[in-house]
Amino acid sequence: MKFASVRLITADLQRLVQFYEQVTGVLVTQYTPDFAELQTPTATLAIGSTRTLALFGGEQVATAANNHSAILEFRVQDVDVDYQRLAGVLGDAIVQVPTTMPWGNRSLLLRDPDGNLVNFFTPVTPEALRKFEG
């Protein structure tokens, strides 16, 4: 089995597409007015409008902008550089400035326009760096 993607359901696809393009610097491919993907070498962030829920059994399957448990994580080259790049444009979307965590990652925590938590992190300790080698 290979973990492939996470899909966010949103009532405003364009707003999320613009946010993720801005913060990641990666162009999002929009296949239809209701579905887009941000593809990275290791996984894909899919973004679907609430209209796509009809394809999965109806609107009761998921609720847009209602995540209270997951954090989307992006490993970045230098989290402090990304913070400097984004601080002026994200304002209140920044939940926590870059902080070194006990497990060895330096993390910047944001909220996307739907309230989903997004963590940009850079391994900084020898143990954390070893975890991502190879």
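Read-outs: derived from the displayed coordinates by stated rules, not from any lab. For clarity, every value in this text was computed on a predicted model and none was experimentally measured. Don't worry about glycine lacking a Cβ; one is built from the backbone with ideal geometry, like all the others, and counts go over all protein chains shown.
Of the peptides 28-40, 80-92, the order by per-residue mean of other Cβ atoms within 10 Å, starting with the highest, comes out as 28-40, 80-92. Using only the alpha-carbon atoms, how far is helix 13-24 inclined from the longest principal axis of the chain? Give it as 0 to 90 degrees, nearest 10. Roughly 10 degrees between the two axes.
Of all DSSP bridge pairs formed entirely within the chain, close to 65 percent run antiparallel.
Highest-first packing order for the peptide set 41-47, 1-7, 108-114 is 108-114, 41-47, 1-7, based on the mean count of other beta carbon atoms within 10 Å. Mean separation of Cα pairs under 8 Å and 6 or more residues apart, divided by the residue count, gives the chain a relative contact order of 21 percent.
Note: relative contact order over region 69-134, using C-alpha pairs below 8 Å and six or more positions apart, is 36 percent. Against the main long axis of the alpha-carbon atoms of the chain, helix 79-90 sits at an angle near 50°. For the chain, the pair-distance distribution built from all alpha carbon pairs, in bins 5 Å wide starting at 0, is 2, 10, 18, 21, 20, 15, 8, 5, 2, 0 percent. Beyond 17 Å, what share of the Cα-Cα pairs of region 1-66 remains, rounded to the nearest whole percent? Of all Cα-Cα pairs in region 1-66, 40 percent lie more than 17 Å apart.
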